[in-house]
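Right, one structure below, let's go through it.
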Amino acid sequence: QAVQPPREKTTKTECPYCSVQCTMNLHEEKSIKVSRYSVTPNKEDPVTDGRLCVKGLNAHSHAVDDRRLRYPMLRIGGTLSPITWEDALGRIRSEVTEIQRKYGKDAVGVYGGGSLTNEECYLLGKFARVALGTKHIDYNGRFCMSAAAGASNLTFGIDRGLTNPLSEVPLAKCIILAGTNIAECQPTIMQTFRKARQEGCKIIVIDPRETATCSIADIHLKVRPGYDAALANGMLKVLLEEGYVDRAFVEERTTGFAELEEHLKKVSLAEVAALCGIPPQLIVEAARIYGAAETGMIFTARGVEQHASGVANVRNFLNMVLLTGKIGKPGCGYGAVTGQANGQGGREHGQKADQLPGYRLIENEEHRAYIAKVWGVPEESLPRKGVSAYEMMESINRGEIKGLIILGSNPIVSNPNAALVEEALKKLDFLLVIDLFESETAKLAHMVLPGSSYLEDEGTMTQLEGRVLVRRAIRPLPGKARLDWKILCDIAEVLGKGEYFRYTKAEEIFQELRIASKGGKADYSGMTYERIEQSHGMFWPCPEEGHPGTPRMFENGFAHEDGRARLAPIEHQNPKEVATRKYPYLLTTGRVLQHYLSGVQTRNTSELNSKYPEPLLEIHPDTAGEIGLVNGGRAKVTSKRGTIRLKVKYSAKIRQDTVFVPFHWGGDQCVNRLTNPALDPVCRMPEFKVCAVSISPN
Ligand code: SF4
């Protein structure tokens, strides 16, 4: 019998990782026994010009990995054992019903993720409020974009990550990249910034480390962690005093100038320079370049945002945008560079404790009435506002939440003060985790359900520009795994709420999401899968079917009722922990090129994990010398909350008072065992980016 040649199939999909959402072609070579996969970039991708980074090139590996969860698993005698879906759903019904009977509806919480599709984010919010009737829902995106979202809402009246499409970056004559390491976190858009530079743009990078992104910098402001608002105050003072204010723009389109001017008069550049650890002349030079540029853009990311003053920090950069009138025009704008795949969409559709779909507010009576009508439930049945992600962990620790359902998230690794989080989760009467692998959090679960990967799931994702893309399912689910949204519907069914969750495909959920978002700030009502696919994505707001979408925001006005943006005086606040004799160094955290979030997917991808298998303590050689650390040796790092032990990596590119550790690992290597859970008063973002530590040889 003739041997059949392998069959090859090529399908278009999107990378499941960062917020660029690069499109790619997945090639499957299928012979009788095995399938081999490979990936090539989509040359027609208008955002990346056909580029993929190492994560995207290897993204399929985890999805086809044999270690994927394939069956529902119940913990029996300390071990997870396979059970049927029928048994799993029956058990969920009895556990949830019993907890809610004994302790009330709010005793069960829901914890989501920023990598889920828009349909799943929407459904998770509805599931919590309608199927469980609990106020407790929040997600890991609280740690991603909440500070930028809070600042944008206060300043512009609306929060869309990038106010302009990335295609306008090369039109800018000055770009400030504040606390964003694009070269490692969103590598495929680096070429857009390089292009801007080739066309004469000056690039200013603000970061305590000389990251790979500094390869395109004209000026690097190596700021002390936690002093971003002070730095912005210094730059604002120069802009004001040296005549770079766009008076007409400020007069016509903003409020609050007089207060800001008064505040800036009191700012001392010498003090700012001392706080930031940057020569004053460099601050002046950076401000002059931005002020004098005809066009300009400012981008912020977690380096500025993950602070207990994150909202204020971002607002001060927005003050710079407004003062110089650099917004609402080609090559002029602001962007919060999202980290997670659907960091933008994840926060628009009701997954946050304080929000309903379309960015509606859960405490606004009109908004509640509208959503209750869309969902077909009595308005009074909708729960009120719950608490933020980390505060949920504290509520669990206090015994107020007894059951938790987690979808697509690994909170033990991603929350600050991770030891408390672990302690809290161990106290739960019932912990249900839906994931692809047995993550650190799943290892504590009473039950684990096998969910869907990006190759099996269908739905829309909103990438960092605010561009909505459709991702099609291209592979069957492994074993008995189910689609994430289907699992939510199945649980709703056994809880007696199935009538509100009757969908046969993701597109039906999207149809409902369109109605739910109509008239809200993030309005998707004019989009259909067909329209999105025809135009390589559509930008919201898109309020009706004939509407082309909105690539550039604020051309004619801002979203506050009076159409004006808000300038605001920002007083610098020191970080909640500063260096002391006992804890003399500052710890900051971040990402590396090879890993994504808490590493559940990338640590299970050998091509990626082999290149960066463990977290390294990045430390200046002079600082290491003072402590007695050797390159490649081990160090013990201690904060007020815990101790971890790490391998040492010398780097002359980091400030001498600061050390850096990536956050993609759990257990004894989890840097979030050290980080500070002090929260921003507006958005409840924890202060991941700076805490005081002591370091010694291990
Ligand atoms: Fe593109 Fe980000 Fe995926 Fe890399 S990780 S391929 S930049 S979407």
For Ala353, the lone unmet condition from (1) under 23 Å from Leu177 (Cα atoms); (2) aliphatic (A, V, I, L, M); (3) at pLDDT 95 or above; (4) not in a helix (DSSP H, G or I) is (1)
Lone unmet requirement of (1) away from the ligand (no atom under 16 Å from the Cβ); (2) assigned to a helix (DSSP H, G or I); (3) surrounded by fewer than 24 Cβ atoms within 10 Å (Cβ to Cβ); (4) under 20 Å from the mean Cα position of the chain (by Cα) for Ile158:
(2)
So, of the residues in the range 581-604 that are of a type in the set (Val, Ile, Thr) and outside any loop (DSSP other than H, G, I, E, B), which turns out to be farthest from the ligand (Cβ to nearest atom)?
Thr588
Which residue out of Ser152, Ser167 is closer than 25 Å to Phe688 by Cα and touching a residue at least 60 places away in the same chain (Cβ under 8 Å)?
Ser152
Could you say whether any residue in the range 25-40 is within 16 Å of the ligand (Cβ to nearest atom) and touching a residue at least 24 places away in the same chain (Cβ under 8 Å)?
yes
Can you tell which of Gly331, Gly345 is touching a strand residue (DSSP E or B) at 6+ places or on another chain (Cβ under 8 Å) and within 30 Å of Phe430 (Cα to Cα)?
Gly345
Tell me the residue from Lys653, Lys636, Lys689, Lys640 that is surrounded by 23 or more Cβ atoms within 10 Å (Cβ to Cβ), of a type outside the set (A, V, I, L, M, F, W, C) and in contact (Cβ under 8 Å) with a residue 60 or more places away in the chain, please.
Lys689
Condition check for Gln191: surrounded by fewer than 24 Cβ atoms within 10 Å (Cβ to Cβ) and within 16 Å of the ligand (Cβ to nearest atom)
yes
For Ala172, the lone unmet condition from (1) buried (at least 23 other Cβ atoms within 10 Å of the Cβ); (2) within 14 Å of Phe299 (Cβ to Cβ); (3) within 16 Å of the ligand (Cβ to nearest atom) is (3)
Would you tally the residues in the range 544-589 being in contact with a Phe, Trp or Tyr (Cβ under 9 Å, 6 or more places away or on another chain) and closer than 28 Å to Arg514 by Cα?
12
Would you tally the residues in the range 681-698 being out of contact with any strand residue (DSSP E or B) (no Cβ under 8 Å at 6 or more places or on another chain) and at negative phi?
3
For the range 4-22, which residues satisfy the criterion of being near the ligand (Cβ under 9 Å from one of its atoms) and either among the β-branched types (Val, Ile, Thr) or in a strand (DSSP E or B) (or both)?
Glu14, Val20
So in the range 368-379, with the set limited to residues that are free of Cβ contacts under 8 Å to residues at least 60 places away in the same chain and crowded, with 18+ Cβ neighbours inside 10 Å, which one is nearest to Arg514 (Cα to Cα)?
Ala372
Within the range 48-71, how many residues are within 11 Å of the ligand (Cβ to nearest atom) and hydrophobic (A, V, I, L, M, F, W, C)?
5
Within the range 527-572, the count of residues that are among the small types (Gly, Ala, Ser), buried (at least 20 other Cβ atoms within 10 Å of the Cβ) and closer than 21 Å to Thr460 by Cα comes to 2
Look at Asp106 and say whether it is outside the structural domain of Met190 (by TED's automatic domain parsing), more than 16 Å from the ligand (Cβ to nearest atom) and surrounded by fewer than 15 Cβ atoms within 10 Å (Cβ to Cβ).
no
For the range 143-155, which positions are crowded, with 24+ Cβ neighbours inside 10 Å and farther than 17 Å from Leu464 by Cα?
Thr155
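The values are calculated or read from the model by the stated rules, or taken from the named source; none is laboratory data. Note that the structure is predicted; figures quoted are calculated from it, not measured. Cβ sites come from the backbone with ideal geometry, for glycine too, and all protein chains shown count toward neighbours.
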